[in-house]
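Please read the structure below before turning to the comments.
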Amino acid sequence: MSRLITSRWVRLALATAVVTAVVVAVLRLRRLSPVRRPVAVPEPTRAEVASKVEAWPPAPILGTPDTKILRGYATPARLPGFLTRRPAPRPPLDRATRRFLTRWGAVACALCLLAVGAQFLESTVFSGRGHAGKPVVGRVPEVQETPAPVVLDADCHPAARRPHLRARNPRVTRAVNRQWVRIERWLRVNAPRTYGTLAAPARPGTIAVAEAQMGLRLPEDLRASLLRHNGGGVSLLGEDPLDVRRIRDSWRMLCEVDGTDDHLAEEKDERSEWWDGRMIPFTADGTGCYLLVDSVVRDVGRSCEDSPIGFTPGGVRVKSYYALLKATADALETGGRIGYWRPRAVEGVLDWDVVGSP
């Protein structure tokens with residue numbers, strides 16, 4: 001009941017009413033209930049004891065009680081004096097006192113009924129439903145937000161399939177190798193330490209296994225580049241390139257972090273998310289950011305956790321991986337830049353500087 005009554009004054013009134021009722025009940029009981037005094041039992045005479053003894057069987061099972069035992073049963077129990085003392089008679093309450101107690105008792109009962117009725121009315125009206133379970137007229141129903149449905153990213157959950165060795169595209173291979181020749185020539189002269197870290201070609205079977213496990217086909221230009229240098233060596237826009245296995249492992253890790261299609265629930269484009277399973281990361285900066293290529297549109301973007309994918313790395317649009325490779329070769333040979341990134345050689349190592357907005 002104390003949880004139902006929230007008003008402090010109502011609780012105080014109820015406590016006063018209860019105390020008043022208890023006091024009145026105690027006074028009534030002390031006036032009406034007489035105190036019973038112990039009754040003295042006369043000690044039996046020898047003739048009575050003898051007659052009782054003779055009435056017993058000649059050989060009782062538990063023995064024959066003697067006079068001392070019978071006297072103990074005849075003696076009344078002794079009670080403390082404060083329990084047997086008769087209280088002094090008290091004068092009856094006068095008419096004014098009785099009227100006062102009666103009125104305030106009625107007020108206390110009325111307050112109790114009022115508090116219970118108010119609590120019942122409040123719980124009925126503001127609960128939104130009446131006695132019949134129907135909404136109360138005038139009550140505005142609470143609007144509960146329905147959580148957006150969780151939709152799994154199908155690209156992050158590909159069906160199992162066998163690796164398939166694809167034939168190289170000669171035209172794409174020649175174009176990619178032409179740009180690598182330009183980059184290698186510049187590195188040999190200006191950044192020999194970086195030139196010495198160029199990786200060996202990837203195996204076509206390794207690429208086929210990674211594609212089967214990811215459920216994606218690497219773009220032809222990225223595949224041709226891995227078949228010449230399997231990651232390592234030349235950084236692109238200040239980020240280290242990934243080999244085939246690290247591309248697959250990074251893709252798996254990003255899908256584990258976010259393997260849902262939030263754009264379906266929010267009616268947005270998947271390219272507006274910070275990650276989607278159709279993206280293929282090919283570089284990493286070590287802080288959670290990646291350069292990636294869209295396996296559908298083929299353009300290059302940059303993704304960092306909790307930030308939408310930006311398809312203008314360096315502040316400029318890059319249409320494909322081959323376009324990024326060619327822009328890198330041009331910037332190395334001419335001393336130019338890609339957006340706000342400019343390559344330079346520092347003690348035989350290729351480095352990139354941020355030179356401001358393009």
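The values are calculated or read from the model by the stated rules, or taken from the named source; none is laboratory data. Model, not experiment: these values are computed from the prediction. In this analysis, Cβ positions are derived from the backbone assuming ideal geometry, glycine residues included, and neighbour counts consider all displayed protein chains. Surface areas here come from the heavy atoms of the whole protein model, side chains and all, with no ligands, DNA or RNA. Shrake-Rupley method; radii C 1.70, N 1.55, O 1.52, S 1.80 Å.
Out of all the residues in region 144-165, which are in a loop (DSSP other than H, G, I, E, B), open to solvent by less than 70 Å² (accessible area, probe 1.4 Å) and at pLDDT 85 or above? First the steps, then the outcome.
Kept after step one, since they are in a loop (DSSP other than H, G, I, E, B), are these residues of region 144-165: 144-151, 153, 157-165.
Next cut, open to solvent by less than 70 Å² (accessible area, probe 1.4 Å) only: 148, 151, 153, 158.
If the condition is that a residue be in a loop (DSSP other than H, G, I, E, B), open to solvent by less than 70 Å² (accessible area, probe 1.4 Å) and at pLDDT 85 or above, then PRO158 is the only one that fits.
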### Message
Looking at region 260-271, can you tell me whether even one residue there is of a type outside the set (Ser, Thr, Tyr), in a strand (DSSP E or B) and surrounded by 17 or more Cβ atoms within 10 Å (Cβ to Cβ)?
### Response
no
### Task
Give me the pairs, please: first residue somewhere in region 11-24 and part of a helix (DSSP H, G or I), second residue anywhere and loosely packed, with under 12 Cβ neighbours inside 10 Å, beta-carbon distance under 7 Å, and either six or more positions apart or on two chains.
ARG11/SER2
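Would you mention how many residues in region 166-185 are open to solvent by 40 Å² or more (accessible area, probe 1.4 Å) and either acidic (Asp, Glu) or assigned to a helix (DSSP H, G or I) (or both)?
8
Just give me the residues in region 72-123 being assigned to a helix (DSSP H, G or I) and either of a type in the set (D, E, K, R) or at pLDDT below 65 (or both), in sequence order.
Start the filter on region 72-123 by keeping residues that are assigned to a helix (DSSP H, G or I), which leaves 72-74, 81-84, 95-123.
Those that are assigned to a helix (DSSP H, G or I) and either of a type in the set (D, E, K, R) or at pLDDT below 65 (or both): GLY81, PHE82, THR84, ARG95, ARG98, ARG99, ARG103, GLU122.
So is ASP276 in contact with a helix residue (DSSP H, G or I) (Cβ under 7 Å, 6 or more places away or on another chain), open to solvent by less than 40 Å² (accessible area, probe 1.4 Å) and of a type in the set (Asp, Glu) or not? Can you show your working first?
On the way: in contact with a helix residue (DSSP H, G or I) (Cβ under 7 Å, 6 or more places away or on another chain): yes; open to solvent by less than 40 Å² (accessible area, probe 1.4 Å): yes; of a type in the set (Asp, Glu): yes.
Considered against the rule, which asks whether it is in contact with a helix residue (DSSP H, G or I) (Cβ under 7 Å, 6 or more places away or on another chain), open to solvent by less than 40 Å² (accessible area, probe 1.4 Å) and of a type in the set (Asp, Glu), ASP276 comes out as yes.
Going by the structure shown, is VAL189 in a helix (DSSP H, G or I) and surrounded by 13 or more Cβ atoms within 10 Å (Cβ to Cβ)? Give the steps one after another, and end with the answer.
On the way: in a helix (DSSP H, G or I): yes; surrounded by 13 or more Cβ atoms within 10 Å (Cβ to Cβ): no.
Here the answer is no, as VAL189 does not meet what is asked.
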### Message
Between a residue in region 236-261 that is closer than 19 Å to GLN179 by Cβ and any residue that is of a type in the set (Ser, Thr, Tyr) and in a loop (DSSP other than H, G, I, E, B), which pairs come within a Cβ distance under 8 Å, given they are 6 or more apart or on different chains?
### Response
PRO241/SER235
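Quick test for you: out of ASP240, ASP249, pick the one residue that is part of a strand (DSSP E or B) and out of contact with any Phe, Trp or Tyr (no Cβ under 9 Å at 6 or more places or on another chain). Before you say what the answer is, go through the steps one by one.
On the way: ASP249 fails: part of a strand (DSSP E or B).
Of ASP240, ASP249, the one residue that is part of a strand (DSSP E or B) and out of contact with any Phe, Trp or Tyr (no Cβ under 9 Å at 6 or more places or on another chain) is ASP240.
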### Task
Considering each residue of region 237-259, count those that are closer than 21 Å to ARG302 by Cβ and either basic (Lys, Arg) or touching a helix residue (DSSP H, G or I) at 6+ places or on another chain (Cβ under 6 Å) (or both), and give that number.
8
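Among the listed residues ARG252, ARG203, which satisfies the condition of being surrounded by fewer than 17 Cβ atoms within 10 Å (Cβ to Cβ) and under 19 Å from ASP294 (Cβ atoms)?
ARG252 is the lone residue from the list that is surrounded by fewer than 17 Cβ atoms within 10 Å (Cβ to Cβ) and under 19 Å from ASP294 (Cβ atoms).
Looking only at region 255-270, decide whether some residue is charged (D, E, K, R) and in contact with a Pro (Cβ under 9 Å, 6 or more places away or on another chain). Before the answer, list the steps.
To start, the set of residues in region 255-270 that are charged (D, E, K, R) comprises 256, 258, 261-262, 266-270.
Restricting the remaining residues to those that are in contact with a Pro (Cβ under 9 Å, 6 or more places away or on another chain) gives none.
Within region 255-270, not a single residue is charged (D, E, K, R) and in contact with a Pro (Cβ under 9 Å, 6 or more places away or on another chain).
Looking for whichever is part of a helix (DSSP H, G or I) and among the small types (Gly, Ala, Ser) here; the options are ALA212, ALA202. Which one fits? Can you show your working first?
Values: ALA202 fails: part of a helix (DSSP H, G or I).
Testing whether each residue is part of a helix (DSSP H, G or I) and among the small types (Gly, Ala, Ser) leaves just ALA212.
Could you please let me know if ARG129 is among the basic types (Lys, Arg), surrounded by 11 or more Cβ atoms within 10 Å (Cβ to Cβ) and modelled with pLDDT of 75 or more?
Judged against the criteria, ARG129 is not a match.
How many residues, within region 284-338, are more than 18 Å from VAL172 (Cα to Cα) and among the aromatic types (Phe, Trp, Tyr)?
Applying the first criterion (more than 18 Å from VAL172 (Cα to Cα)) to region 284-338 yields 284-292, 301-317, 330-338.
Within this subset, residues satisfying the condition of being among the aromatic types (Phe, Trp, Tyr) are 290, 311.
Residues in region 284-338 being more than 18 Å from VAL172 (Cα to Cα) and among the aromatic types (Phe, Trp, Tyr): 2 in total.
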